[in-house]
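The structure under discussion appears below in the form of structure tokens.
Nothing in this text is a laboratory measurement; each read-out follows from the coordinates by a stated rule. Only a predicted model underlies this, so the values are computations on that prediction, with no experimental measurement involved. Cβ coordinates were reconstructed from backbone atoms using ideal geometry, including for glycine residues, and neighbour counts include every protein chain displayed.
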Amino acid sequence: MNLIFLGPPGAGKGTQAKILEERFGYRQISTGDILRRNVREGTPLGLEAKGYMDSGALVPDDLIIRMMDAEFEHAGDVILDGFPRTVPQAQALDELLRRKRRAAVAILFDVDMNVLTDRLTGRWTHAASGRTYHERFAPPKSAGIDDVTGEPLIQRDDDKEETIRKRLAVYEEQTAPLIAYYDNPADARLVTVDALAPIDAVTKQLIDVVSGDGFSEHAPA
Ligand code: ADP
Ligand code: AMP
């Protein structure tokens, strides 16, 4: 079963995707990480996406949908982290899933909007892997250093208060309608987790969801 992580910036989607990737062998597809890699490498996609990302706006649907088409060429169950973010993206994903004969369940990270600014302004990121930490809620072993590689952590340019406000408004306007898209009685594809809980308690809820589908834990390959 493929998982679609739905929820506002800072809800904890990336944190949980990394944990499930390690423990259950999922592949995390983070559109934000892919876009940031393209920006760093100065690819045509990166050059086109950068202005939107810097201002906290969404990158146009056609660019994102083309990018995701390529991602589905690989086998194996995925966690979609940060995609879809608009109704046209969700429709394109449904079409892609149909073509690939795959199923997906959407998991809503339900969180109080008031905690998000604190989570995002305190977030520290390892750029190459997309691993994140939080200076208070999930600190690295040494401040500013990635636990795994020893490389320096960065604070994302769009994790400053002014851009966060814009990103949360964009979420409410363009992405929150996906809750109704997935929560329709006809196909019952939405499960909600309490994302205000501490990180390990959120993981427990997610394990309940995926183990209901007959997944078993295994070590990463
Ligand atoms: P998203 O991918 O949804 O934007 P992240 O997973 O990057 O969010 O989490 C945002 C920040 O909040 C990170 O610094 C992360 O360490 C921290 N965080 C994630 N989950 C929780 C949680 N349940 N409680 C407190 N802090 C959290
Ligand atoms: P994220 O890492 O998920 O917080 O995404 C960072 C930024 O990348 C967003 O603010 C958008 O500009 C862009 N982005 C990521 N995913 C998408 C998407 N599915 N559709 C449009 N823009 C996206």
If you project the alpha carbons of segment 2-114 onto their three principal axes, what span does each projection cover, largest first, in Å? 38, 34, 27
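Quick check on the chain: of the DSSP beta bridges with both residues there, what percent are antiparallel, nearest 5%? Write down the numbers at each step before the final one.
Details: 7 of 24 bridges.
Beta bridges within the chain, antiparallel portion: roughly 30 percent.
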If one builds a Gaussian network model of the chain from Cα atoms under 10 Å apart, the most fluctuating residue listed among A90, A11, A143 is A143
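Among 94-102, 186-194, 164-172, what's the highest-first ranking by average C-beta atoms within 10 angstrom per residue?
164-172, 186-194, 94-102
Assuming R0 = 22 Å, what is the FRET efficiency of A176 and L96, from their Cβ-Cβ distance, to the nearest 0.05?
Numbers: r = 22 Å, r/R0 = 1.01.
It comes out at approximately 0.50.
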Segment E21-N184, length gained on full extension (0.36 nm per residue, minus Cα span): 55.9 nm
What base-10 log of the normalised intensity I(q)/I(0) is obtained for the chain from the Debye formula, alpha carbons as equal point scatterers, at q = 0.10, 0.18 Å⁻¹? -0.43, -1.62
Dipole of segment 60-127, positive end: most advanced residue of T117, A103, G82 [Cβ charges, Cα centre]: A103
Full extension between M1 and D147 adds, at 0.36 nm per residue less the Cα distance, a length in nm of 49.5 nm
